[in-house]
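Undergrad: Have a look at the structure that comes next, please.
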Amino acid sequence: MELPGGLPWGGVLHRSFRFKPVTGRLELTLGESGWSARSHPERVTAVLCAALDLLGDENGVSMDRVRSLSVGDRQFLMRRLAAHIDDRMFWLTAECPECREKLDVPVRHSELPVKPAGEGYPEAALETSLGLIRVRVPTGADQEILAGIEDDDLALRALLERITSAADAENGTTGVDVSALSENEVTSIEARVEAMAPEVASSLLVTCPHCQRENKVPIAPYACLERPVGELFSEIHQLAFWYHWSEGDILDLPRSRRRLYLNLIDRTRGMHGARPFLEVG
Ligand SMILES: [Zn+2]
């Protein structure tokens with residue numbers, strides 16, 4: 001499995017990645033990442049740092065690398081992570097705006113469409129009134145900075161300043177005075193970036209079985225951040241109660257092994273009949 005875009009690092013585009021096995025610790029990080037992160041992009045960075053075992057090459061996964069990934073690659077990784085944790089089929093539901101009937105769409109995270117990066121990714125040259133400029137696709141680092149800017153116009157300006165550069169023969173690359181760009185030029189920068197950037201589907205086209213209308217049903221790219229962790233705590237509690245293992249030891253178990261022990265506990269409790277939980281054993 002490879003990134004649809006790739007991580008530009010050390011002059012090379014790296015596309016390999018691998019996730020760690022699913023343990024309670026990883027599930028807990030997913031659930032609790034929202035408590036400490038200041039913004040959504042920071043949360044995604046923290047989760048990917050915790051979940052990835054390899055990004056690019058064997059030199060490890062660093063926060064810098066995860067931040068340097070393009071937005072589309074980060075969304076792709078979050079969707080792959082959702083599939084890595086649980087790739088069972090689930091139902092997307094929506095209401096048809098035409099006939100008001102309920103639409104149920106069976107979905108699997110791993111089967112959702114992905115648009116690969118376009119030609120030239122992650123950077124392109126564009127002729128403007130300010131001369132030839134280079135423009136690159138936005139990254140996680142850009143998103144983290146933009147998350148702190150509330151005003152939309154200021155955010156767009158900050159983004160344009162970050163993703164553009166001018167080739168200057170004497171000084172290497174220099175910044176671009178983005179306030180001097182015309183509206184049309186800004187539109188062509190956006191179009192160029194969109195053509196280059198990889199993308200994961202944010203909606204599915206579904207034909208209503210009742211009125212045949214084509215509907216766009218939205219699907220969140222960061223669904224795995226919404227997984228509840230309550231069940232994990234109850235599983236930790238059961239294992240600690242029966243085996244007297246520490247919380248840390250239980251969190252380190254691969255999920256498959258944790259489930260296996262929980263099944264054994266259920267079977268043992270079954271053999272003791274339907275006595276109240278606290279009397280068993
Ligand atoms: Zn309908």
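The values are calculated or read from the model by the stated rules, or taken from the named source; none is laboratory data. Model, not experiment: these values are computed from the prediction. Note that we place each Cβ from the backbone using ideal geometry, even for glycine, and neighbour counts take in every protein chain shown. Surface areas here come from the heavy atoms of the whole protein model, side chains and all, with no ligands, DNA or RNA. Shrake-Rupley method; radii C 1.70, N 1.55, O 1.52, S 1.80 Å.
Undergrad: Having 2 or more residues that are hydrophobic (A, V, I, L, M, F, W, C) and within 30 Å of residue 43 (Cβ to Cβ) is the bar; report the strands (runs of 3 or more DSSP E) wholly within the range 170-231 that clear it. Give the derivation first.
TA: Values: elements: 172-174, 203-207, 214-218.
By residue number, 203-207.
Undergrad: In the set 34, 6, which member is at pLDDT below 90 and under 15 Å from the mean Cα position of the chain (by Cα)?
TA: Details: 6 fails: at pLDDT below 90.
Result: 34 is the single residue among 34, 6 that is at pLDDT below 90 and under 15 Å from the mean Cα position of the chain (by Cα).
Undergrad: Filter the range 197-247 for residues that are open to solvent by 50 Å² or more (accessible area, probe 1.4 Å) and either of a type in the set (A, V, I, L, M, F, W, C) or within 16 Å of the ligand (Cβ to nearest atom) (or both) and give the result.
TA: 205, 207, 209, 210, 212, 213, 214, 216, 233, 241, 242, 245, listed by residue number.
Undergrad: Let me ask something additional. Please enumerate the residues belonging to the range 53-68 that are crowded, with 20+ Cβ neighbours inside 10 Å and aliphatic (A, V, I, L, M).
TA: 55, 66
Undergrad: Also, I was wondering about something else. Give the number of residues within the range 83-102 that are within 16 Å of the ligand (Cβ to nearest atom), open to solvent by 80 Å² or more (accessible area, probe 1.4 Å) and either part of a strand (DSSP E or B) or among the basic types (Lys, Arg) (or both).
TA: Final tally of qualifying residues: 4.
Undergrad: Where residues in the range 140-153 are over 17 Å from residue 173 (Cβ atoms) and in contact with a Leu (Cβ under 8 Å, 6 or more places away or on another chain), which of them is most open to solvent (accessible area, probe 1.4 Å)?
TA: Only one residue fits best here, namely 146.
Rundown of residues vs (1) open to solvent by 20 Å² or more (accessible area, probe 1.4 Å); (2) closer than 24 Å to residue 198 by Cα; (3) out of contact with any helix residue (DSSP H, G or I) (no Cβ under 9 Å at 6 or more places or on another chain); (4) in contact (Cβ under 8 Å) with a residue 40 or more places away in the chain, yes/no style:
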residue: 127; (1), (2), (3), (4): yes, yes, yes, no
residue: 138; (1), (2), (3), (4): yes, yes, no, yes
residue: 155; (1), (2), (3), (4): no, yes, no, no
residue: 162; (1), (2), (3), (4): yes, yes, no, no
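Undergrad: Answer yes if at least one residue in the range 166-186 is within 16 Å of the ligand (Cβ to nearest atom) and at positive phi, and no otherwise. Step through it out loud before you land on a result.
TA: Taking the range 166-186 as the starting set, the residues that turn out to be within 16 Å of the ligand (Cβ to nearest atom) are none.
No, the range 166-186 contains no residue that is within 16 Å of the ligand (Cβ to nearest atom) and at positive phi.
Undergrad: Please identify the pairs in which a residue from the range 15-43 that is farther than 19 Å from residue 239 by Cβ has its Cβ atom under 9 Å from the Cβ atom of a residue that is open to solvent by 30 Å² or more (accessible area, probe 1.4 Å) and in a strand (DSSP E or B), counting only partners at least 6 apart or on another chain.
TA: 15/2; 16/2; 16/57; 17/2; 17/53; 18/53; 19/53; 20/53
Undergrad: If residue 150 satisfies every condition in (1) within 16 Å of the ligand (Cβ to nearest atom); (2) part of a loop (DSSP other than H, G, I, E, B); (3) of a type outside the set (Val, Ile, Thr) but one, which is the exception?
TA: The number of the failed condition is (1).
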